[in-house]
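Here's the structure, in structure tokens; my notes come after.
The values are calculated or read from the model by the stated rules, or taken from the named source; none is laboratory data. Quick caveat, the model's predicted, so the values are computed rather than measured. Please note: Cβ atoms are built from the backbone with ideal geometry, for glycine as well, and neighbour counts cover all protein chains shown.
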Amino acid sequence: VARARPLSPPSADSVFVVLSDVETSEDLARGYAGSGGWLLSQEADYEAGSGVSFELVI
Amino acid sequence: MTAGDGPARQVGRVIRRIKVEPMEPDTFNPFGTLIHAGGRPPDFRGGGQSVGWAVPFESDGRPQVTVVTSPFQGLRFGKLERHFGVTQAFIPFGGSPAVVAVAAPAPHPDRDLVPRPEDVRAFLIDDRKGYLLKRGTWHALDRFPLHPPTRCSSC
């Protein structure tokens, strides 16, 4: 009896189709690159600001 | 609010544990809506047999569709972000099951207001449903795959 064998390991990445807009993506990319941005988005850095981090519990 | 076991302390920092919840329409409602077929009469009937359900996507700019991969990186994070001009949608496209962390949008886009750590919640993403975030919904920068890479001895 032939046994089914996986052809490749399961992906550890998660893949999503994201629907957003060009202006938000460009603004965000500029923000994280340190070249402006943050007009259409905002970041809250709990770790740097107050030493808080989050851990997901399954 | 569901906040797992509450904060645990290490030297100079606090780790807030968040219990992951199932992503259901009612529990996810403060943050956005689920994207799926059915549950109400269809919004679209064409000339064939197919029917469709509208998704309340809104954008102040030019719509953009992107395929995004998120690698396994563990289950900790320290940042949230939010967007003022778009209701971002995320539709599972394969790979590892993942979790999204969110916090409700403020009534007004006051940049001095950020969510309290205890108001951050986490949901297991149903691989048969997408989700649409409300404008201004805070969310972690990544989706978090649950499983690290595995080896395949028979590949």
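So which residues in the range B:103-123 are more than 8 Å from chain A (Cβ to nearest Cβ), not acidic (Asp, Glu) and not in a loop (DSSP other than H, G, I, E, B)? Answer for the range B:103-123, where residues must be more than 8 Å from chain A (Cβ to nearest Cβ), not acidic (Asp, Glu) and not in a loop (DSSP other than H, G, I, E, B): B:ALA103, B:ARG121, B:PHE123. Hey, any hits in the range B:3-20 for a residue that's within 13 Å of the chain's Cα centre (by Cα), surrounded by 12 or more Cβ atoms within 10 Å (Cβ to Cβ), within 30 Å of A:TRP38 (Cα to Cα) and touching a residue at least 40 places away in the same chain (Cβ under 8 Å)? Looking for residues that are within 13 Å of the chain's Cα centre (by Cα), surrounded by 12 or more Cβ atoms within 10 Å (Cβ to Cβ), within 30 Å of A:TRP38 (Cα to Cα) and touching a residue at least 40 places away in the same chain (Cβ under 8 Å), one finds at least one in the range B:3-20, hence yes.
Given the criterion in contact with a strand residue (DSSP E or B) (Cβ under 6 Å, 6 or more places away or on another chain), modelled with pLDDT of 95 or more and not in a loop (DSSP other than H, G, I, E, B), identify the matching residue among A:GLU55, A:GLU23. Steps first, answer last, please.
Working: A:GLU23 fails: in contact with a strand residue (DSSP E or B) (Cβ under 6 Å, 6 or more places away or on another chain).
Matching residue, one of A:GLU55, A:GLU23: A:GLU55.
Within the set B:ARG62, B:ARG76, B:ARG111, the sole residue that is modelled with pLDDT under 95, surrounded by fewer than 16 Cβ atoms within 10 Å (Cβ to Cβ) and over 17 Å from B:MET23 (Cβ atoms) turns out to be B:ARG111.
Any idea which of B:GLY94, B:GLY130, B:GLY48 is modelled with pLDDT under 95 and farther than 24 Å from A:TYR46 by Cα? Don't jump to the end; show me each part of the working.
On the way: B:GLY130 fails: modelled with pLDDT under 95; B:GLY48 fails: modelled with pLDDT under 95.
Criteria check complete, one pass: B:GLY94.
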